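The values are calculated or read from the model by the stated rules, or taken from the named source; none is laboratory data. The structure presented is a predicted model; accordingly, all values stated were derived computationally and were not measured. Reconstructed Cβ throughout: ideal geometry from the backbone, glycine too, with neighbour counts over all protein chains shown.
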Amino acid sequence: MPRKKHIKIAEVKKISNVFGYKDDNVFQNICGYFGHKSGFTLELGCGQGDYTINLAQIHSSKNFIGVDRKPSRIYNGAKHANEIKITNVGFLVGYAELLAEIFAPESVDEIWITFPDPYPRRSSMKKRLTHPRFLEIYKKILKNGGVVNLKTDDDTLYNYTLKVIEELGLKLIKGSNDLYNSSKLSDEEKILTKYERQHLAEGKLIKLVRFCF
């Protein structure tokens with residue numbers, strides 16, 4: 001492991017807005033940091049937290065938590081949020097599979113899944129973050145009417161997600177296979193991360209799916 005990465009993994013635990021899934025009383029710690037027990041928006045696979053921080057800047061009265069399994073990724077976002085004094089942002093080192101073990105039922109308002117690994121092979125389908133096994137987890141922690149958003153550049157994941165929504169009888173709020181060619185975009189949809197800009201520069205189309213249970 002490169003030395004810089006090793007240092008980040010050790011140091012991230014000391015940052016005030018970072019929580020770990022292995023911590024004792026992790027949900028209580030999160031609630032203590034934000035001052036309440038519900039009303040969170042999660043970004044899954046947040047990486048360095050670009051989307052999480054931008055969402056927090058748009059909605060200063062709401063609270064956002066970026067979730068990623070790799071602490072070295074979270075380190076930069078957590079430090080940056082503190083440096084620019086954004087207090088409605090936190091980060092969780094953890095796995096999507098464990099969300100229902102961490103968050104209380106109906107404590108989450110909304111979930112964003114931004115450019116996840118599409119796992120294109122059929123043998124890896126269960127790893128897709130919009131697979132029914134993950135949707136059951138999201139359903140447990142989302143409030144009634146809570147929304148799930150998927151943003152991706154991958155056609156397979158986009159079409160797969162639409163198929164799952166149809167098969168499970170979920171409510172499709174919005175589906176676009178060319179988001180930036182849409183007539184009207186919300187402020188949340190307009191957020192561009194570093195990697196998203198790269199995708200666009202390569203001529204890839206950005207897709208969005210928004211749905212609820």
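Return only the number of the condition from (1) in contact with a strand residue (DSSP E or B) (Cβ under 8 Å, 6 or more places away or on another chain); (2) of a type outside the set (Gly, Ala, Ser); (3) over 15 Å from residue 16 (Cβ atoms) that residue 30 does not satisfy. Every listed condition holds for residue 30 apart from (3). Residues in the stretch 72-105 that are in contact (Cβ under 8 Å) with a residue 60 or more places away in the chain and surrounded by 21 or more Cβ atoms within 10 Å (Cβ to Cβ): 74, 75, 78, 81, 89, 90, 91, 92, 93, 94, 103.
If you filter the stretch 15-65 down to residues that are among the hydrophobic types (A, V, I, L, M, F, W, C) and part of a loop (DSSP other than H, G, I, E, B), you find that the one that is surrounded by the fewest Cβ atoms within 10 Å (Cβ to Cβ) is 15. As a summary of the residue check, residue 100 satisfies the conditions (1) closer than 26 Å to residue 158 by Cβ; (2) among the small types (Gly, Ala, Ser); (3) at pLDDT below 95 except for the one numbered (3).
Can you name every residue in the stretch 192-211 that is within 16 Å of the chain's Cα centre (by Cα) and among the charged types (D, E, K, R)? Scanning the stretch 192-211 gives 194, 196, 207, 210.
Here residue 113 meets the list (1) under 20 Å from residue 31 (Cα atoms); (2) assigned to a strand (DSSP E or B) almost entirely, failing just condition (1).
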